[in-house]
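> What follows is a structure written as structure tokens; I'll ask about it next.
Laboratory data are not the source of any read-out in this text; all were calculated from the coordinates shown. Fair warning: this is a prediction, and the values are worked out from it, not measured in the lab. All Cβ positions, glycine included, derive from the backbone under ideal geometry; neighbour counts span all protein chains shown.
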2 protein chains.
Amino acid sequence: MIDHTSLLNSGAVLKKYKRGEFLFREGSIARYYYQVHQGEIKMNNYNQEGKEYIQGIFTKEKSFGEPPLFADFKYPANAEAIVDSEVWQLPKEKFLKFLEENPDIHHKFTSTLALRLYYKAIMVSEISTQEPEHRILRILDYFKKNSDPNTIESNTYKVELTRQQLADLTGLRVETVIRSIKKLEQKGELFIKDRKVYR
Amino acid sequence: MIDHTSLLNSGAVLKKYKRGEFLFREGSIARYYYQVHQGEIKMNNYNQEGKEYIQGIFTKEKSFGEPPLFADFKYPANAEAIVDSEVWQLPKEKFLKFLEENPDIHHKFTSTLALRLYYKAIMVSEISTQEPEHRILRILDYFKKNSDPNTIESNTYKVELTRQQLADLTGLRVETVIRSIKKLEQKGELFIKDRKVYR
DNA sequence: ATGGTTTTATGATCTTAATCATAAAAAAGT
DNA sequence: ACTTTTTTATGATTAAGATCATAAAACCAT
């Protein structure tokens, strides 16, 4: 989202996180702007029984956790490294100062927020009114749409998400996802090769 | 959100809608900024079987449906009048021009977006991992928090939502909401007087 | 006042996804 | 190479909330 030179000039530092490590926790105060440099970060919630809901997965150059920097509230979810990762960290004040000096980038962030709101509106409606197969297709199409176009061969997108991750993104259980995917394959909505899902 | 004088100066008009009338439909292109003047507007989705999900309810002076004005996508939900209402309507271009000329208000919209994202993140996680009673309390507390402080007597908030609306906001069925509310009353989490819920 | 609509209410039954149990294949770590 | 962990897989059972049916109370319109 913000180029490396600008990040460095503004005072950002590159932090390393091990797989499974938390960058911040639900309920804590937002002090930094974060942007993935290497690896994968997920934002998630756990309920009392430990069931996970994944709010989003962020890869190379994607920023996350900005909303509480724009308004006064605490993180609604955790940020956790899915794999060993490197993440740019820029203090809140410096981030906001940078945006003031770069209105064009400020606009980009506004439209990113709007787009994320769009995605959340769709997912919450899906989860509350649609059945498993429908929900799974939505997520697959969302990830397909947001994937690197170069990785899509002959209009076929290879899903790099595990069945468990699909479950945690759709509010389903892993067994339900496995069974639904099989049904979707029978219906011709996707296909499976070497256990990988293609859509 | 935007004061009446500014709205009029920018070229907004006041439109009337009857109860049940749609202001716009899911999938259509956003051409206007909307702000409630009188009445109540809900944004919602219907699935194939007609089951409704209410994304949000907007009252006096609240704006809605702005996200697609900031990025390039179509409405993810409908806007429908809950009661006879009057709504300010300002063409997209004039709205964006107004924001450019008023950076302070632009900031307000950004933080409104951020806050709405916060609410959606909480609701989607609730709906996918929490049980009925928990979800209902969340919604009640959200509406309590966003209610006019003058209407709260001795820290007790009177819920003006119907059981059906609570159901459509939480992805539950009306019977489940009715039964859950009764249980919550037994547990002392809320009380019912003349069929109205107080929290 | 009266008839129609909406809202709240409650019991009975059903259905779907969750849960539980178990295991094999694949991937990762030492 | 071998052990451990993760991921995918499948069958059996359960439970929670949805669905169905019905009705009374409250509200609204004329």
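> 5 Å is the cut-off here: which amide hydrogens, built 1.01 Å from N in the peptide plane, fall below it relative to B:E21, excluding neighbours closer than 5 in sequence?
Under 5 Å from the amide H of B:E21: B:A81.
> Kindly give the semi-axes, whole Å and largest first, of the ellipsoid equivalent to segment B:1-131, taking each as the square root of 5 times a Cα gyration tensor eigenvalue.
Working through the eigenvalues yields semi-axes of 25, 18, 13 Å.
> Return the sequence-ordered ³J(HN,Hα) values of segment B:107-117 in whole Hz as given by the Karplus equation 6.51 cos²θ - 1.76 cosθ + 1.60 applied to θ = phi - 60°, using x for Gly and Pro.
Here the 3J(HN,Hα) series is 4, 4, 5, 4, 6, 5, 4, 4, 5, 5, 5 Hz.
> A follow-up question, please. In whole Å, what three semi-axes, largest first, describe the equivalent ellipsoid of the protein assembly as shown built from its Cα gyration tensor (square root of 5 times each eigenvalue)?
Values for the protein assembly as shown, descending: 33, 29, 22 Å.
> Express the C-alpha Rg of segment A:84-148 as a ratio against the empirical globular expectation 2.2 N^0.38 Å, rounded to two decimals.
In units of the globular-protein estimate, segment A:84-148 measures up at 1.54.
> Roughly what would the spin-label model give for B:N146 and B:K183, points 7 Å off Cα along C-beta, in nm?
Using points 7 Å along Cα→Cβ, the separation is 2.6 nm.
> Another question about this same structure. Where does the charge balance sit around B:L113 when Lys and Arg score +1, Asp and Glu -1, over other residues with C-beta under 12 Å from its C-beta? Don't skip to the end; give the middle numbers.
Numbers: positive: A:R116, A:K120, B:K108, B:R116, B:K120; negative: A:E66, B:E66.
For residues surrounding B:L113, the net value is +3.
> If eta is 0.692 mPa s and T is 37 °C, what Stokes-Einstein diffusion coefficient results for segment B:130-198, Kirkwood Rh from Cα pairs, in µm²/s?
D, rounded to a whole number, is 271 µm²/s.
> I'd like the distance between the alpha-carbon centres of segment A:37-69 and segment A:78-111, rounded to an integer number of Å.
The two parts, judged by their Cα centres, are 14 Å apart.
> Okay, moving on. With the dipole of chain B worked out from charges on the C-beta (+1 for Lys and Arg, -1 for Asp and Glu) around the Cα centre, which of B:G188, B:F95, B:G171 lies farthest toward the positive end?
Looking along the dipole axis, the top candidate is B:G188.
> Around B:R19, under 10 Å between beta carbons, what's the net of Lys plus Arg minus Asp minus Glu among the other residues?
Combined, the nearby Lys, Arg, Asp and Glu give -3.
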